[in-house]
Amino acid sequence: MKIVDAKVIVCCPGRNFVTLKLLTEDGIYGLGDATLNGRELAVAAYLNEHILPLLIGRDARRIEDTWHYLYKGAYWRRGPVTMSAIAAVDTALWDLKAKSLGVPLYQLLGGASRESVLVYGHAAGTDLDDTVRAVAHYAELGYKAIRAQSGIPGLAGTYGVGRGGTHYEPAEKGAPPENRWSTEHYLNFVPQMFSRLRKEFGPSIHLLHDAHHRLTPIEAARLGKELEPYHLFWLEDPTPAELQERFRTIRQHTTTPLAVGEVFNSIYDCQQLIEEQLIDYIRTSVVHAGGITHLRKIASLAEMYQVRTGAHGATDLSPVCMAAALHFDISVHNFGIQEYMPQTEETDKVFPHSYSFENGLMYPGDAPGLGVDIDESLAAQHPYQRAYLPINRKLDGTMHDW
Ligand code: KDG
Ligand code: MG
């Protein structure tokens, strides 16, 4: 099953996506997501210039060997660009192999460990009342787990809160927008928000919150402690995680479960967090953490330490990644939850797929492979548009963590 053709498709059906398509001599093709939000063309160039020439003529069935060939062979290890490029190849090879055998991918990953995949949706409001309405809307849609974000009194705008709708887009066209931030305002507000949400929605619904890496460990410890009465499913990215031992401080002070890892690209980014049981959920994704092959190794390490998975699934991860995530989620034993932000209609048309959502749960479907395709002629009608994630400054203008 030799690879005879490989191409990188960059398109922007509302937002940018980078997709790898590998074709074999048998006429079967596989897809992999290579989207790195705000740095898309770096991965496209890495694939085009450095990886695709190595793939032509290789045996598409040798998934593990190809992973190490690209990882060890490059000499330069890790990093989001390299690992997203490797992930795209890896995902496309898994898709190809499952298609060639005529089975949905999860059958090659050990088969189904569960009947469905629990997902969480994003409710966000401009203020507390608006956030209550947004959570009610998601509850009506059937979500059993809801991430709640809100505009903060005293701050002009907050990342993750869409303008006049239930969805937000992580990146914006043109120069990076700038947000202003005050930890004091934020810490004073968030416990009030969850107090109100528990009063309105009762104890059963799972509530989650993302702090977007903006706190120091001791501030995060305070927040975790003050949120304890509201029993969050998780508090996400309380502090930047380059220094994994920083989580010891948070952990010593609070029983609020912690979730980290959407920016990680390797098992070495979370080894200490997992082995010291400093977190409860690992959020690495198929696209940014080296593909299904590497993600399974992270999940296996996590399983030994009772850490569960909770993969990143914002709209900057394409439907190809979502499909791969769902096959991973349904098969891996220590699955916890999957993030899900529905894509726009335009995006769903470019990437027709067999996965589905019903009543707060998702299903990868039983089509062979990933069960996702790309309509290349439609994709060509949506050319790339440069876009950036916003940046975050304190009230006095100092650049702050995201
Ligand atoms: O590209 C970055 C976004 O995907 C990220 O900011 C979204 O934090 C996020 C999340 O939890 O989905
Ligand atoms: Mg996040």
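Structure summary
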{"item": "Kirkwood Rh in Å, taken over the range 318-402 so that all alpha-carbon pairs contribute", "result": "15.6"}
{"item": "On Cα atoms only, tilt of 80-101 relative to the major axis of the chain in degrees", "result": "60"}
{"item": "Distance between the range 69-90 and the range 326-387 - C-alpha centres, whole angstrom", "result": "23"}
{"item": "Neighbour net charge for Tyr69 - beta-carbon separation under 9 angstrom, K R +1, D E -1", "result": "+2"}
{"item": "Paramagnetic label zone (point 7 Å from Cα along Cα-to-C-beta, Gln252; backbone N under 15 Å) in the range 265-289", "result": "278"}
{"item": "Using alpha carbons only: equivalent-ellipsoid semi-axes of the range 5-49, gyration tensor based, whole Å", "result": "21, 12, 7"}
{"item": "For Glu172, residues with placed amide H under 5 Å, excluding near neighbours", "result": "Tyr388, Leu389"}
{"item": "Potential lengthening between Trp402 and Ala156 on full extension [0.36 nm per residue; Cα-Cα distance subtracted]", "result": "87.0 nm"}
{"item": "Computed over the range 26-151, Kirkwood Rh from alpha-carbon pairs, angstrom", "result": "17.7"}
{"item": "Helix axis angle, 291-304 relative to the chain longest principal axis, alpha carbon, degrees", "result": "50"}
{"item": "Under 17 Å from Lys21, Cα to Cα: lysines that are on another chain or at least 8 residues apart", "result": "Lys2, Lys7, Lys97, Lys99"}
{"item": "Rule-of-thumb Rg ratio for the chain [Cα; 2.2 N^0.38 Å; N residues]", "result": "0.95"}
{"item": "Once the Cα gyration tensor of the range 3-95 is diagonalised, semi-axes √(5λ) in Å", "result": "20, 17, 10"}
{"item": "Under the Karplus curve 6.51 cos²θ - 1.76 cosθ + 1.60, θ = phi - 60°, whole-Hz ³J(HN,Hα) for the range 280-287, x wherever Gly or Pro sits", "result": "10, 9, 10, 9, 4, 10, 4, 6"}
{"item": "Within the chain, helix-based [θ] at 222 nm, where runs of 4 or more DSSP H residues each add -39,500 (n - 2.57), nearest 500", "result": "-10000 deg cm²/dmol"}
{"item": "Tilt relative to the chain, helix 128-140 - C-alpha long axis, 0 to 90 degrees, to 10", "result": "50"}
{"item": "Relative contact order %, the range 109-368, counting alpha carbon pairs below 8 Å whose residues are six or more apart", "result": "21"}
{"item": "Extension reserve of the Glu358-Arg133 stretch, reckoned as 0.36 nm per residue once the Cα distance is removed", "result": "78.9 nm"}
{"item": "Two-site label geometry, Glu245 and Asp5: point separation in nm, points 7 Å out along Cα→Cβ", "result": "5.4"}
{"item": "Ranked packing of 325-332, 311-318, 119-126, 242-249, most packed first, by mean Cβ within 10 Å", "result": "325-332, 311-318, 119-126, 242-249"}
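Taken together, the values in this text are just the output of simple stated rules run on the coordinates, not laboratory data. Only a predicted model underlies this, so the values are computations on that prediction, with no experimental measurement involved. So basically every Cβ, Gly included, is an ideal-geometry build from the backbone, and we count neighbours across all protein chains shown.
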